[in-house]
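Participant: Below is the structure I would like to discuss, written out as structure tokens.
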Amino acid sequence: MSGATRLRPPRNWLDHRVVAWWRAQVGVLTAVVVVPLLILGLLIAPARPWFLIPAAVLTVVGLLAVLLLPPWWFRIHRWEVTDQAVYTRGGVLWQVWRVAPMSRIQTVDTVRGPLQRTFGLSTVTVTTASSAGAVKIEGLDHERAAELAEELTRITHDIPGDAT
Amino acid sequence: MSHPDDPADGPGDLPAARGNPSADGGPGWLVLHRDTLKVTGIWVFVLALGGAIPTTIGVGSGTSYGIALAWVVPAVALVVLGSVIADDVRWRHSRYRVTPARMELHKGMIFTTKRSLARERIRTVDLSADPVQRVFGLVKVSIGTGEQVEAGGPGQTPQTLVLDPVSRDEGERLRALLLDRAPLAADGTEPGVRVLARWDPGWLRFAPLSFWTFALAGIAVGGLFQVLNWFGRESLPVDTTRDIVEDIGATQTLVLFAVVFVLVGVVATLALTLEAWWAYRLEREPGGTLRVRRGLLTTRSVSIEEQRVRGVEIVEPLGVRSAGAARVDVVTTGLRADPKSEASTLLPAAPMTVAASVAAAVAGVRPGGRLRRHPAAARARRLRWALAADAVLAAVVSWLAVASPVRDFWAIVLTVLAAAACVALVLLAGDAYRSLGHDLDGEFLVARKGSVRRATVYLQRQGIIGWRVSQSVFQRRAGLLTLTATTAAGARRYSVIDADEHEVLEFGAEAVPGLLDPFLVRDPPRSTTAMIIGDPPHHGGVGRR
């Protein structure tokens, strides 16, 4: 057995705007936690430090996350489509590589959330007959995603098989 | 299994109603069995009694039993009558038929449901009968396509038609007709049927070894308190316990209670297992179907199309394993999605040799072979988890002993239990490591893991429809990796956990040729640059537009 077999990274990067999208997501998440704390802190005078101190800490943590995490994620998230399979890499602390063979693909969906839409992005989801086998490519340029979905649908149509 | 009615009719006997008067609505339409009214009446009566007796005692002890009965008897009669009338309405508006292409069911008066299944898509025809239905010779028939439209929305149930009830002969006729099987011969066996396994009462000895023993005993204790609560006697157990402690001492009381607790659990698991698995039989039918038949009071029959079988899983929970026994589950598409449900069980806990022979007969695998071991780092991980849990446990116990008002006796009991748990965790960690293994066995991928629930899955390599490779930070540092095969069958994913990060990728590439290969690099890695192999030209602009 060869000494070192590794998975190579998929060839393609996500769209660059995905970094901004992730920043917005982390920012919104931070705000959802911090804003209620701020309001409570302003309304309830006796317990003010108990609300404002965590709010301050969380704001700092959130800002750091907004600044540092998305670029890091961007370096790790990759995708690739060959004639044979869809291949993605994701996760940070828990890295996950997924491979779904073309012959087993059942559906190809593109989804755009409201936040994604403002950044001109789409998510392509490829499902197989296994509910554990879905492969998602989050954060592609909208047009690129539509093209990709079309291409995938065409390829999977051409390959015979019952997908199970 | 007995068949009281004489199945004299031949196989070609299409919808000619068998003792069922045709209601209306044209040719071929059949109705459910009229005796459903009696069955419903009896069940509702039994349930009503369950409520009526405590009510009579409760009301009667306050006033007089005459008054209590005067209220309760008409109430029960009304409930029973009402349910029988409701069932009659249901009966009048339910009919079904089998056409050459479809199986159709119409039901409902106000909200009519018309459901039809294409016959070529029918995969399961399962028969079951509760005790009352058995007295009347009736069965409930569930007909399903086994398909889940996962893309159409999660949680969608498979398409199923339920005929509740028809006569047993009609049920068998439908099963034979819809699954395209030869009908039953007069003695209740089918020509060409091969029995793969048969119930052995000795297997009952494995039943109390499951965790259900404790769970059921716990439920029984909870039930006892609930009943006492109804009668306003919650303090009874506490008082009784105090009396017993005064009589025989604290330690003896504890031992006594533990023994009684376990005994209750043992009796309960024996009873449940007996009910569920009595008269168990696993058969292979000529048309390519596996059929599991079982049940003491409620009889069940589950059919599994062999074409859809993607493998087997040999499950050895700790207790059962210590007795040298194992259970066999089938890994199949089209069965209910819940892999924990009993529908997928091919063989209940039975001696390992029986389990191995069933697995061999069903899937052609050879259980018991040696598997590839996992690196020692996997053992170190498990030991670390166990020691971390030990530390938490020790901290909690010391806190309880020092800082809280736990009395001396209980502090000692707790400490003994905690010490035992600490040792057990470390032993389990070692056992969990020894359980790890993976290999290829002919056309199957074999993966074994788990200690409390050790499971060895034999998954058809053809049935693997994707890979998921995951590696946590800790796994990366230890050179380990988890390889998960996704499949349309069974639990939908089966993992080789904590294997050597290089070896397991080769293993995956070998298991399904061509799928993983294009994404592997086999050169000696230049570890710092491994991230940038094959980058597109714009990788310099990371993170900035």
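Participant: Using only protein heavy atoms and a 1.4 Å probe, report how much of B:Asp88 is accessible, in Å² to the nearest 10.
Facilitator: Around 30 Å² of this residue is reachable by solvent.
Participant: Here is a further query. Mind grabbing the accessible area of B:Val245 for me, 1.4 Å probe, Å², rounded to tens?
Facilitator: Probe radius 1.4 Å; accessible area of B:Val245 about 60 Å².
Participant: Continuing with this model, one more query. Quick check: with the 1.4 Å probe, what order do A:Arg112, B:Arg102 take by accessible area, largest first?
Facilitator: B:Arg102, A:Arg112
Participant: Rounded to the nearest percent, how much of the accessible area of segment B:376-434 (1.4 Å probe, protein heavy atoms only) is carbon and sulfur? Intermediate values should be presented prior to the final figure.
Facilitator: Details: 2890 of 3730 Å².
Reported share for carbon and sulfur atoms: 77 percent.
Participant: Quick one: what Rg and Dmax do you get for segment A:12-75 from the alpha carbons, in Å?
Facilitator: Reported Rg and Dmax, both Å: 14.9, 54.
Participant: Show which lysines lie in cross-link reach of B:Lys449 when reach means a straight Cα distance below 26 angstrom and same-chain residues fewer than eight apart are skipped.
Facilitator: In chain and number order, the partners are B:Lys340.
Participant: Rounded to whole Å and sorted largest first, list the principal axis extents of the Cα atoms in segment B:411-465.
Facilitator: In descending order, the Cα extents are 57, 16, 12 Å.
Participant: Right, here's the next one. Using the charge dipole of segment B:376-434 (Lys, Arg: +1 at Cβ; Asp, Glu: -1 at Cβ; taken about the Cα centre), state which of B:Leu387, B:Ala420, B:Val402 has its Cα farthest towards the positive end.
Facilitator: B:Leu387
Participant: Next question. Roughly how large is the A-B contact in terms of buried accessible area, totalled over both chains, probe 1.4 Å, nearest 100 Å²?
Facilitator: The contact between B and A buries close to 4200 Å².
Participant: As an exercise, take the mean of 1/r over every pair of distinct alpha carbons in segment B:202-277, invert it, and state the Kirkwood radius in angstroms.
Facilitator: Hydrodynamic radius (Kirkwood, Cα pairs) of segment B:202-277 is 13.8 Å.
Participant: So, one more: Share of segment B:263-354's accessible area from carbon and sulfur, percent, 1.4 Å?
Facilitator: 64 percent
Participant: Which order do you get for B:Arg92, B:Arg294 if you rank them by accessible area with a 1.4 Å probe, largest at the top?
Facilitator: So, going from the largest accessible area down, we get B:Arg92, B:Arg294.
Participant: Turning to a different aspect of this structure: As I understand it, the dipole of segment B:202-277 uses +1 on the Cβ of Lys and Arg and -1 on the Cβ of Asp and Glu, about the Cα centre. Which of B:Ala268, B:Val221, B:Val245 lies farthest toward its positive end?
Facilitator: Value: B:Ala268.
Participant: Quick check: convex hull over the Cα atoms of segment B:29-170, volume per residue in Å³, rounded to an integer? It would help to have the intermediate numbers written out before the result.
Facilitator: On the way: hull volume 20.8 nm³, N = 142.
So the per-residue Cα hull volume is 147 Å³.
Participant: Given a cut-off of 19 Å, what percent of all Cα-Cα pairs of segment B:376-434 lie beyond it?
Facilitator: For segment B:376-434, the fraction of Cα-Cα distances above 19 Å is 37 percent.
Participant: A:Arg154 accessible area, nearest 10 Å², 1.4 Å probe?
Facilitator: Estimated to the nearest 10 Å², A:Arg154 gives 130 Å².
Participant: If you project the alpha carbons of segment B:422-500 onto the principal axes, what extent comes out on each, in Å, largest first?
Facilitator: 42, 26, 21
Participant: What is the set of long-range amide H partners of B:Val328 at a cut-off below 5 Å, with H atoms built 1.01 Å from backbone N?
Facilitator: When sequence neighbours closer than 5 places are left aside, the close amide H contacts are B:Val315, B:Leu346, B:Leu347.
Participant: Let me ask another. Can you report the principal axis dimensions of the protein assembly as shown using only the alpha carbons, biggest first, rounded to whole angstrom?
Facilitator: That gives 87, 75, 60 Å along the principal axes, largest extent first.
Participant: Could you give the radius of gyration (one decimal) and Dmax (whole number) of the Cα atoms in chain A, in Å?
Facilitator: 20.5, 70
Participant: Accessible area per residue, 1.4 Å probe, Å², for segment B:194-335: what's the number?
Facilitator: Computed with neighbouring chains in place, this is 49 Å² per residue.
Participant: Tell me the relative contact order for segment B:376-434 as a rounded percent, counting alpha carbon contacts under 8 Å between residues six or more apart.
Facilitator: That works out to 61 percent.
Participant: Report the residue, chosen from A:Pro46, A:Pro71, A:Pro36, that carries the largest GNM mean-square fluctuation when chain A is represented by alpha-carbon nodes joined by springs under 10 Å.
Facilitator: A:Pro46
Participant: A follow-up question, please. Once the cut-off is 25 Å, how many percent of the Cα-Cα pairs in segment B:276-426 end up in the long-distance tail?
Facilitator: Values: 5884 of 11325 pairs.
Roughly 52 percent, once rounded to a whole number.
Participant: When only C-alpha pairs under 8 Å and at least 6 residues apart count, what is the relative contact order of chain A, in percent?
Facilitator: The normalised contact order for chain A reaches 21 percent.
Participant: Can you give the translational diffusion coefficient of segment A:78-158 in µm²/s, computed by Stokes-Einstein from the Kirkwood radius over Cα pairs at 4 °C and 1.567 mPa s?
Facilitator: Here the translational diffusion coefficient equals 100 µm²/s.
Participant: Can you put B:Val141, A:Val111 in order of accessible area, largest first, using a 1.4 Å probe? Kindly include the intermediate steps, with their values, before the conclusion.
Facilitator: Numbers: B:Val141 0, A:Val111 75 Å².
The ranking, largest first, comes out as A:Val111, B:Val141.
The values are calculated or read from the model by the stated rules, or taken from the named source; none is laboratory data. Given the structure is predicted, the values throughout are model-derived calculations rather than measurements. Virtual Cβ from ideal backbone geometry, glycine too; neighbours counted across all protein chains shown. Calculation scope for accessible area: heavy atoms of the full protein, side chains included, ligands and nucleic acids excluded. Shrake-Rupley method; radii C 1.70, N 1.55, O 1.52, S 1.80 Å.
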